[in-house]
């Protein structure tokens, strides 16, 4: 199902950044067993942007948390650039998250007492080859807001600071869980445009969860989830620019 390269990569030599094989995640709620993931197989390629759509409870966030090393599956494997990650080894997973993964969530989690520049610097100070805070903020269109505090920024601007913070360490993977969920459509377009630009300019493999199927047009590939499984995979012949999406 995932053998084809995404639309913007050479069809004969796709390079896989991350793979999941037969991921199962089971939660116990009293005597009830909840199967959040039920045998998910997935490949994410270098440079591509994918969108994961589906109803609440279909497994999207659970999958993203496992791919990012925030959670471990009940069974199954995750491979980063062909090497299996030991998902039970805290030291290995911490190193993987620190070096290779950036996260963007629905809520911005900025530190109120720090400026935009200082919020981003929290990441650049521990990264190996980071962008400067100025470079990261300029990439998301906030080069003129370096010294603004979160309370002085709109919701969309705060989310773009969060994106700048996530990409400042130049991660291989950018995992975004409902990054526009708390925003109106006009502001959401600005945030999606920032993600699109990061993917295009840095080549960061980007996976974006959304309930809004109209966002799917901006992706190379779209995965539709249902009941803990990928029930459909589609490939876009060409990406639709964010400002041309029909909301």
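Observations, loosely collected:
- D (Stokes-Einstein, µm²/s), Kirkwood Cα radius, the chain, 1.567 mPa s at 4 °C: 71 µm²/s
- Shown here is the pair-distance distribution of the stretch 42-112: with all Cα-Cα distances grouped in 5 Å bins from zero up to the longest one, the shares run 3, 12, 23, 25, 20, 12, 4, 1 percent.
- With Cα atoms as the point set, the radius of gyration and Dmax of the stretch 94-173 evaluate to 11.5, 34 Å.
- GNM remark for the chain: springs join alpha carbons under 10 Å apart, and the peak mean-square fluctuation among 115, 180, 210 falls on 115.
- Cβ-to-Cβ counts within 10 Å put 235, 167, 230 in ascending order as 235, 230, 167, the fewest first.
- Over all pairs of different C-alpha atoms in the stretch 9-75, the reciprocal of the mean inverse distance, the Kirkwood hydrodynamic radius, equals 13.3 Å.
- Averaging the Cα positions of each part gives two centres, and for the stretch 55-96 and the stretch 208-234 these lie 19 Å apart.
- Most mobile of 75, 216, 154 in a GNM of the chain (Cα contacts under 10 Å): 154
- The angle between the Cα long axis of helix 90-100 and the longest principal axis of the Cα atoms of the chain comes to about 50 degrees, rounded to the nearest 10.
- Convex hull projection area averaged over all views, the stretch 95-238, Cα basis, nm²: 9.0 nm²
- Cα gyration tensor shape for the stretch 169-226, rounded if a/c is under 1.5, else prolate or oblate: oblate
- Helix 155-167 vs. the chain, principal-axis angle (Cα, 0 to 90°, nearest 10): 70 degrees
- Our helix-only sum for the chain, with -39,500 (n - 2.57) per DSSP H run of n ≥ 4 divided by its residues, gives a mean residue ellipticity at 222 nm of -8000 deg cm²/dmol.
- Of 106, 84, 159, the one that fluctuates the most in a GNM where the chain has Cα springs shorter than 10 Å: 84
All of the numbers you see were taken from the coordinates with simple rules; none came from a lab. Here the structure is a predicted model, which means the values were calculated and not measured. With ideal geometry, Cβ positions are generated from the backbone for all residues, glycine too; neighbour counts draw on all protein chains shown.
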